[in-house]
Amino acid sequence: MIVGTLRENKNHEYRVGLTPESVHELASHGHEVLVESGAGEGIGAHDALYERAGGRIVSDVADIFARAEMIVKVKELQPDERALLRPGQILYAYLHLAPDPEQTRDLMASGAICIAYETVTDDSGGLPLLKPMSQVAGRMSIQAGATALEKANGGRGVLLGGVPGVLPAKVAVIGGGVVGFNAAQMAAGLGADVTVLDRDPQVLERLGMYFEARAKTRFSNRANLAECVADADLVIGAVLIPGAAAPKLVTTEMLKTMKKGAVLVDVAIDQGGCFETSRPTTHADPTYVIDGVVHYCVANMPGAVAHTSTYALNNVTLPHALRIANLGWREAMRRDPHLLAGLNVWDGKVTYQAVADDLGLPYTPAADALA
Ligand SMILES: NC(=O)c1ccc[n+]([C@@H]2O[C@H](COP(=O)([O-])OP(=O)(O)OC[C@H]3O[C@@H](n4cnc5c(N)ncnc54)[C@H](O)[C@@H]3O)[C@@H](O)[C@H]2O)c1
């Protein structure tokens, strides 16, 4: 199969769909890989590295669209790129179609086979191609929080781990899923006094067994949340109600009870955020202050650590890309219902129920594409 990968062109997006190592893997299975010149610059992977890995550098994007049978990307295509998609061409990337009618319309019009990373599933009911980005964001939230806690950045001037003779900072993590677990792991590792709040007893039990005495767990209700938030130096927002906007758990009133110079890191901002006072920020200007509390609300946190994020993403996306290239998309999906769950648009039809429902479009079961 001819596979193409492009330079990402969203603001401050430095990740890339295929690393040189992934290109090498595809090439060694006999596939031809077209790489847009400069695609890997953001992770320090120069064109020469891709060539050494067996890729072919192409400077004209239109050329890649004209030749590649599958386009592998990180983020969705921009409108001018969508116009270049061909019927029967495979697009494999994060798509997030539900809130994006314009993109969905263009993908339907293209006749392409559009596989969304974010809806590919696994045996445990998880979303394995989303998970690494949550791991990155969870771990990064503590770094971001620690920096914001520094005096020069508007924080209280508290060191997360304290020092001998001085108490560590108090960190409250709201939501103990992938983001929350990774945040708690980092904070506990630095010696902070960590409490994780969740409302799912099984999650609390798992966290309790893993952390033992290194982190506390607490049931998430209004009273417990209010107490933890008022007491915390750093609060991490990490809740998710799948398919829904994040609940506003930390209210404006609760904010007033917080210490001056305390920090909120709202990782759930991509779902609207779980603090009432959150609004999306960018890596260029990541924080703002309300009532003396520093807010960090960057919606694409993994982009800042593009190197780690790209490799973490390729670890989970490449096996599917290889199977699609080796078997063709239909056979690969016939053999793997979890990959079939990633099919969002095929032959001008929406094949993912939640996308169709959210956009008021007719739904065609993905299995129809396999007939
Ligand atoms: N900003 C970014 O760059 C970035 C990157 C990755 C993920 N995210 C976002 O982070 C959020 C969390 O993702 P995740 O992968 O950890 O999800 P997850 O499903 O693994 O975990 C969410 C947790 O929230 C808990 N929860 C739900 N309601 C709660 C409540 N009222 N109180 C306490 N806990 C509650 C759930 O029980 C679950 O354990 C999502 O919105 C995700 O999109 C953001």
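The values are calculated or read from the model by the stated rules, or taken from the named source; none is laboratory data. No experiment lies behind these values; they were computed from the predicted model shown. Every residue, glycine among them, receives a Cβ derived from its backbone with ideal geometry; neighbour counts consider all protein chains shown. Accessible surface is based on the protein model in full, side chains and every heavy atom, while ligands, DNA and RNA are left aside. Shrake-Rupley method; radii C 1.70, N 1.55, O 1.52, S 1.80 Å.
Brief remarks follow.
- Heavy-atom accessible surface of Lys216, to the nearest 10 Å², is about 110 Å², with a 1.4 Å probe and all protein chains retained.
- Table column - 3J(HN,Hα) (Hz), the stretch 261-268, Karplus curve with 6.51, -1.76, 1.60, x for Gly and Pro: x, 5, 10, 10, 10, 9, 5, 6
- Computed over protein heavy atoms with a 1.4 angstrom probe, the accessible surface ordering of Ile57, Ile43, largest first, is Ile57, Ile43.
- Mean accessible surface per residue for the chain, computed with a 1.4 Å probe while every protein chain stays in place, in Å²: 43
- Where chymotrypsin sites (Phe, Trp or Tyr not before Pro) fall in DSSP loop in the stretch 279-350, at most 10 other Cβ within 10 Å: none
- The listed peptides 206-212, 11-17, ordered by packing as a protection proxy, come out as 11-17, 206-212 (highest mean of other Cβ atoms within 10 Å first).
- Apportionment of accessible area to carbon and sulfur, the stretch 49-154, percent (1.4 Å): 50
- Positive contributions from Lys and Arg (+1) and negative ones from Asp and Glu (-1), summed over other residues with Cβ under 14 Å from the Cβ of Arg105, come out at -3.
- If you wrap the Cα atoms of the chain in a convex hull and average its projected area over all directions, you get 19.1 nm².
- With contacts taken as Cα pairs under 8 Å and at least 6 residues apart, the chain reaches a relative contact order of 17 percent.
- Percent accessible area from carbon and sulfur atoms, the stretch 188-242, protein chains only, probe 1.4 Å: 54
- Highest average first, the peptides 225-231, 266-272 ordered by how many other beta carbon atoms sit within 10 Å of their residues are 266-272, 225-231.
- Too-long pairs where the Cα-Cα distance tops 28 Å, listed order kept, from Lys75/Lys256; Lys73/Lys131; Lys73/Lys349; Lys75/Lys216: Lys75/Lys256; Lys75/Lys216
- Whether the stretch 131-299 is rounded, prolate or oblate, judged on the alpha carbon gyration tensor where a/c under 1.5 counts as rounded: rounded
- Given charges at beta-carbon only (K, R positive; D, E negative), |dipole| of the stretch 131-299 in Debye: 100
- Taking all protein chains as shown and a probe of 1.4 angstrom, His338 keeps an accessible surface of around 50 Å².
- Largest-first principal axis extents of the Cα set of the stretch 318-371 (Å): 35, 22, 16
- Dividing the summed -39500 (n - 2.57) terms of all DSSP H runs of n ≥ 4 by the residue count of the chain sets its mean residue ellipticity at 222 nm at -10000 deg cm²/dmol.
- The convex hull built on the alpha-carbon positions of the stretch 193-290 has an orientation-averaged projected area of 6.8 nm².
- Relative contact order of the stretch 131-299, defined on C-alpha pairs under 8 angstrom at six or more residues apart (%): 21
- Electrostatic tally near Glu76: other residues with Cβ closer than 12 Å to its Cβ, Lys and Arg +1, Asp and Glu -1, net -3.
- Among Leu107, Leu359, Leu77, the largest mean-square fluctuation in a Gaussian network model of the chain (Cα springs under 10 Å) belongs to Leu359.
- Ile71 long-range amide H proximity, modeled H, under 5 Å: Gly4, Ile90, Leu91, Tyr92
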